[in-house]
Amino acid sequence: MKRRSIIKAGALAGLPAVITLPLHALAQDKPPLRLLVGFPPGASSDTLARTLGERIGPELKQTVLVDNKPGAAGRIAAELLKNAAPDGNTIMLCPIVVTVLAPLVFSKLPYNPNLDFAPIAQLATIDFGLAVNANHPAKNVNELIAWMRANPQGGNFGTPGAGSLPHFFGVMLAKAAGVDLVHVPYQGGAQSMTALLGSQVTCVFDTLTDLVEQHKAGKARILATASTKRSAIVPEVPTFVEQGLRDVQGSSWFGLYTHAKAPEANIRAINAAVNKALQMPDVRERLAKIGLDATGGSPEDLATYMKRDTERWGPVVKASGFKAD
């Protein structure tokens, strides 16, 4: 019998997707590994989870259950992890918004990422950009700033939602440029892009993944990217730093966590399997196609990233005056 690796989509039945491993792996007497994803199937976090699940399952000799629990920007999945058994067999994949931004914008959360979760590894980073409608006269960020000063009624920017990282990139830009910008939040990147193409907002901040299609189609123009180096997706677009706005920089990342009281041996084993998977050329290529740059590292590295970005974004969130509750 040929060994096969099959992903069975259980979403229609309301069940988690099951990544079925080769028969020799299934024969091992190990409980399944439940991988919580706080976003719907098809999202970049879901694609990342399924890509990793296919690789780490055989390495760990465990069945991996990708369990989508969308809602509340990932906070539902986070609460489930907090209340899971502390055996290390429940893990969660989530972006920076769940473990760094949420504690900054919510006065009350059903979880504390520093007390309830144990870091396993950073998985990948994702870049952001600022785009205008292709008909806008600005060809770079400084031209856009000059245009906004001359046309203050157009000083606005759209984002996929209030309290999101794009929201706070807009706050960064307003401070760095010395202009007043009105934030216009939408329900997701598709809506904010529709508003941009319809000239309902002057510009939008979003992930490059959500901007690049319209940029390459000639309907929108990405003026700058927010990382410290140019993106491989749009190498022709300079960074904010290159254009003189050194304080407008940052990126998002995805991390992997388990229960704070999970056995250290489980954490180290999963970390090793993840790092091995993230070095595989086919995994890196698949992630690159959706705008993710595979990273990896130790649990201690992820804890450092959380602390660093809390210190980075804390003052920006405070300056914005935004509170989610």
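Data for the structure
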| read-out | value |
| --- | --- |
| Residue check, residue 34 touching a strand residue (DSSP E or B) at 6+ places or on another chain (Cβ under 8 Å), part of a strand (DSSP E or B) and open to solvent by 30 Å² or more (accessible area, probe 1.4 Å) | yes |
| Residue 93 vs. criteria assigned to a helix (DSSP H, G or I) and open to solvent by less than 10 Å² (accessible area, probe 1.4 Å) | no |
| Cβ pairs under 9 Å, 6+ apart, first in region 178-191 and part of a loop (DSSP other than H, G, I, E, B), second basic (Lys, Arg) and open to solvent by 60 Å² or more (accessible area, probe 1.4 Å) | 178/149; 179/149 |
| Number of the exception - residue 109 against (1) within 28 Å of residue 283 (Cα to Cα); (2) in contact with a helix residue (DSSP H, G or I) (Cβ under 7 Å, 6 or more places away or on another chain) | (1) |
| Residue tally, condition open to solvent by 10 Å² or more (accessible area, probe 1.4 Å) and either within 15 Å of residue 96 (Cβ to Cβ) or modelled with pLDDT under 95 (or both), over region 47-57 | 1 |
| Scope region 120-135; condition open to solvent by 30 Å² or more (accessible area, probe 1.4 Å) and either within 19 Å of the chain's Cα centre (by Cα) or under 13 Å from residue 294 (Cβ atoms) (or both); matching residues | 125 |
| Pairs where the first residue, in region 125-150, is closer than 22 Å to residue 229 by Cβ and in a helix (DSSP H, G or I) and the second is small (Gly, Ala, Ser) and modelled with pLDDT of 95 or more, C-beta under 6 Å, 6+ apart | 141/224; 144/138 |
| Residues of region 171-203 satisfying the condition of being within 17 Å of the chain's Cα centre (by Cα) and either within 24 Å of residue 293 (Cα to Cα) or among the small types (Gly, Ala, Ser) (or both) | 188, 189, 190 |
| Region 281-316 - residue that is aliphatic (A, V, I, L, M) and within 25 Å of residue 118 (Cα to Cα) and, of those, most open to solvent (accessible area, probe 1.4 Å) | 303 |
| Listing of strands (runs of 3 or more DSSP E) fully contained in region 196-314 that carry 2 or more residues being in contact (Cβ under 8 Å) with a residue 12 or more places away in the chain and touching a His at 6+ places or on another chain (Cβ under 9 Å) | 203-207, 220-225 |
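The values are calculated or read from the model by the stated rules, or taken from the named source; none is laboratory data. Remember, predicted model here, so these are calculated numbers, not experimental data. We place every Cβ from the backbone using ideal geometry, glycine too, and count neighbours over all the protein chains shown. SASA here: full protein model, heavy atoms, side chains in, ligands and nucleic acids out. Shrake-Rupley method; radii C 1.70, N 1.55, O 1.52, S 1.80 Å.
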